[in-house]
Ligand SMILES: Nc1ncnc2c1ncn2[C@@H]1O[C@H](COP(=O)(O)OP(=O)(O)O)[C@@H](O)[C@H]1O
Ligand SMILES: [Mg+2]
């Protein structure tokens, strides 16, 4: 790798700073007492405490998964603090009352919240270290009957919805990390789009982990009733830390008849330094249930951060004619490891799914695509199209593809395409012979490679993602 | 055309270069003046493409001796993109495919980069579209070229036309066309040659690398150089190409002069 490329690839992490806000941190360790403490702190109803305790019991009987193609030191779950909240000085009535330090954090991240909310028409449910600090645009949404708030708020204001849907797509004992999340989740977003309502704006949440050593366990629940539609944006950045931070989120989506949920993520958690020290461990369970006829669940993700990514946003296509989509760009550099992909479970008739996965691997990093397409015996006429492309930058990295295809209905059609390419010295020379330097060349090649995925992102997110990618790795030779 | 007292664009002296420790260029001397067309001929493997790539600054080659002066610049001090911006253009023997990058996007970025360097206005996508379509007519190219990925799935002939299109867009001071004729049928060859002839003028210069005389029927060189084992072993006028066509290369040895020698 030439010196110029080396320096381009190794740009320091832009969002690496720690905001100094007094935190209220639970003692380290995980036990029934801590779970009761979280529940009490959050003033939760009894049924939610039992939900947590049930998950905890399940978790105790489970063991950490080992099938994934990532390697990391054993996590000491007793060495993590499971709750931390900024101390509220007083109740906040408007954005003006939000801690200016917090506002400055968002400025630094390039997310001027008020501007974003006002100009871009995006409602930002600000999540700051597990607890909602401010929620905006709620009223505007309320006018059309949309509920968009933190999940802990919804527990109090709409307990019947939470009780009905929480854990309905990802059961408490679904997997090790989902069980952990179900036991200790602190906050997250709740969206409810009632029958027939098209959400008038993209809903957006900016996540941020802040307190060193505290795990982050987000919980998101989105429900679109019959004929409803919503586009939800999740973006996250994290401060620069030396010790690894565990992140185990759960996201559940439910789409009823003719409903449409589009969930987009740009993920830029701290990835560790160029020697692989530090960085977020990101173990995420995301699943959408296309429950109703003609419903659609669409996942788009741009994964650029985290030391370890373990994430398979999935669709259960239960309704007849329902549609599942997964569009993914995963970038790894330095010593990052990603094992990501999707599951498309076809149950209903004429269900269709599309998988487009683009892996970009640089430095000493390792990236795996892992995807399951299952066609149940009931899924008459189901169709799947999968395309998995890998691009390698340099020769120290590794890319792997693990497609699992299970077809139990003869009328189904499943197509899988895969390719591996390299940004070669000759490509860069071709660009440079036309006056284009390596930085621009790589950016153009990468954006070309990711085009099919970026097209799925909402406009402003696409711009952000493009910049982020150029910033993360601007090239190398094959 | 040979013009008396026209300024020197390229001056190569004693150029030696190697790849992976193997010396390929073993002392090349060449002077190219404004307005001139030079042909470099030679058998496969004689080092023609290597010479072209070393002029353009390919990083795989190590220059171990000699000098390259390009107008007022010491070319060896410049990275390839700056050589290009200074007006040096290489039409590749094997144009590189760049999947996913639309040709129009690539062409516009190249064009705007060079324009900026010359202190001229950049073109926005719409303006550029009009501009590039005009140039494409010159080469009788189909408009769908613009939307396809750079060189991906192009036939050999399409790739070569795409190279000359870039030459037309970038208006270089010195163009090096490496085997632009190979892979072209006779009609395409005429179109491409006609395109090149429209671009060449008294203010620029061209080096045609080829091992066939055929191209030189349409683009008439002022000088013909013969390359052998990394050296220019003979230089003559356009008749030399015809002589090579009939007699082959065997009769040439390093120190022999051509029948009708012109010294470059
Ligand atoms: N990567 C390489 N390593 C060693 N020798 C090479 C390499 N690339 C080209 N060569 C050698 O350099 C010589 C000149 O090649 P080239 O410049 O392509 O010739 P031409 O264009 O005249 O056909 C050939 O003998 C070829 O085998
Ligand atoms: Mg050659």
Quick one: in the range B:190-246, which of the residues that are touching a helix residue (DSSP H, G or I) at 6+ places or on another chain (Cβ under 7 Å) and more than 29 Å from residue B:17 (Cβ to Cβ) is farthest from ligand 2 (Cβ to nearest atom)?
-> B:198
Residue check for residue A:35: modelled with pLDDT of 50 or more and within 24 Å of residue A:269 (Cα to Cα) | no
Determine if the range B:177-197 includes at least one residue that is within 24 Å of residue B:96 (Cα to Cα), within 16 Å of ligand 1 (Cβ to nearest atom) and within 14 Å of chain A (Cβ to nearest Cβ).
-> yes
Tell me the helices (runs of 4 or more DSSP H) entirely within the range B:31-149 that contain at least 2 residues that are within 10 Å of chain A (Cβ to nearest Cβ).
-> B:48-56, B:80-85, B:103-117
Can you spot a residue in the range B:51-69 that is within 16 Å of ligand 2 (Cβ to nearest atom) and within 24 Å of residue B:218 (Cα to Cα)?
-> yes
Per the filter on the range A:139-153, residues in contact (Cβ under 8 Å) with a residue 40 or more places away in the chain and part of a helix (DSSP H, G or I) are A:140, A:141, A:151, A:152
Only one of (1) within 16 Å of ligand 1 (Cβ to nearest atom); (2) in contact (Cβ under 8 Å) with a residue 60 or more places away in the chain; (3) surrounded by fewer than 20 Cβ atoms within 10 Å (Cβ to Cβ) fails for residue B:49. Which number is that?
-> (3)
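So that you can scan it fast, the table gives a plain yes or no per residue for (1) at pLDDT 95 or above; (2) at negative phi; (3) in contact with a helix residue (DSSP H, G or I) (Cβ under 6 Å, 6 or more places away or on another chain):
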{"site": "B:8", "(1), (2), (3)": "yes, yes, no"}
{"site": "B:18", "(1), (2), (3)": "yes, yes, no"}
{"site": "B:22", "(1), (2), (3)": "yes, yes, no"}
{"site": "B:27", "(1), (2), (3)": "yes, no, no"}
{"site": "B:32", "(1), (2), (3)": "yes, yes, no"}
{"site": "B:42", "(1), (2), (3)": "no, no, yes"}
{"site": "B:50", "(1), (2), (3)": "yes, yes, no"}
Just wondering, is there one or more residues in the range A:421-431 that are in contact (Cβ under 8 Å) with a residue 12 or more places away in the chain, under 24 Å from the mean Cα position of the chain (by Cα) and within 14 Å of another protein chain (Cβ to nearest Cβ)?
-> no
Could you check, for the range B:162-171, whether at least one of its residues is within 14 Å of another protein chain (Cβ to nearest Cβ), in contact (Cβ under 8 Å) with a residue 60 or more places away in the chain and within 16 Å of ligand 1 (Cβ to nearest atom)?
-> yes
Looking only at the range B:150-189, which residues are at pLDDT 95 or above, assigned to a helix (DSSP H, G or I) and within 16 Å of ligand 2 (Cβ to nearest atom)?
-> B:163
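The values are calculated or read from the model by the stated rules, or taken from the named source; none is laboratory data. On a predicted model such as this, the values are computed, not experimentally measured, just so you know. Note: ideal-geometry Cβ built from the backbone for every residue, glycine included; neighbour counts use all protein chains shown.
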